[in-house]
Structure formats: C-alpha cells, structure tokens
Amino acid sequence: MRKIITGIAGVCTFVLVLGFAAMAAPKSPANAAGTWKMSLIAPKGNGAATLTLKQDSGGKLTGTLQIPPASGPVKGTVSGDEVDFSVSLTMPGGPTFPSHWNATISGDSMKGTANIGSRGGNWTATRQK
C-alpha cells in the first residue's frame, strides 16, 4: 500500500511540475511573415490593402502596408498569436496619417482592428502563397 501511495504522489508531483513549466514557458510567436491581402471594413466604406511583413526570431515585425494611394513602413511585434503594429501612412504629395493595427493570427489568416488617424475599423487578411 505504501508503494502505491508513493507512486501516486510521484506521478502527481511530475504532472504538477509539467503543468507549471508549461504555464511559465513563453509562447513562441506565430509566423506572420509574408504577403497578406487585406480587406478593410470601416463605417465610411470598405477597401483593400497589401501588407508585406518580415519577422525576426524574436517576433519583431518590419515591412510595408499599401492602401492605395497611401503607403508606409510597418513596425511591430508578434507575441504568441497576437500581432500588433504601427504604420505612418503617407499620401503621395500629401499628409501622413498615423495608424495602429492589431490582430489575432491563425495559420494563413488574420482578423483584427485598426485605427487610422481618428477613424477605426475592422480588417481581415489572407496570406498569399
């Protein structure tokens, strides 16, 4: 009986240690690199965009966002399945608009929200193969 109780206690301890290790281990960032075709949904109308991202091993994002006729450089991060980036969108020969984007990534799809200047909206994206 003593051996059974000792064995059960050992298994329980092992399971608890694995559980705490899994909770403490940081999630590796999802892969957001590639070219994404975006659909923008906003109160003033819908639109299309192209997002091109590069990602380093730590989850830092760089790239470009093109929402014709505006475009700008991307700076952001990926943490787990959460994507977060900012872009200064510049119109040709015109003003620049700050924008902030966040999304959840799942495989070759992203879905999130954006704030461009004082306006906001939703967006989805599909990675191009």
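Each value in this text was obtained by applying a stated rule to the coordinates, not by laboratory testing. No experiment lies behind these values; they were computed from the predicted model shown. Cβ: placed from backbone, ideal geometry, glycine included. Neighbour counts: every protein chain shown.
From Cα pairs below 8 angstrom and at least 6 apart in sequence, can you work out the relative contact order of region 34-127, rounded to a whole percent?
23
Based on other C-beta atoms within 10 Å, arrange S57, S106, S39 from fewest to most.
S57, S106, S39
Set the Förster radius R0 to 22 Å, insert the Cβ-Cβ distance between S109 and T64 as r into 1/(1 + (r/R0)^6), and round the FRET efficiency to 0.05.
0.65
Measuring from label point to label point, each 7 Å out along Cα→Cβ, what is the K129 to T50 span in nm?
It is 2.0 nm.
Sorting F97, F85 on the 10 Å Cβ count, fewest up front, what's the list?
Ordered from fewest to most neighbouring Cβ atoms within 10 Å, F97, F85 come out as F97, F85.
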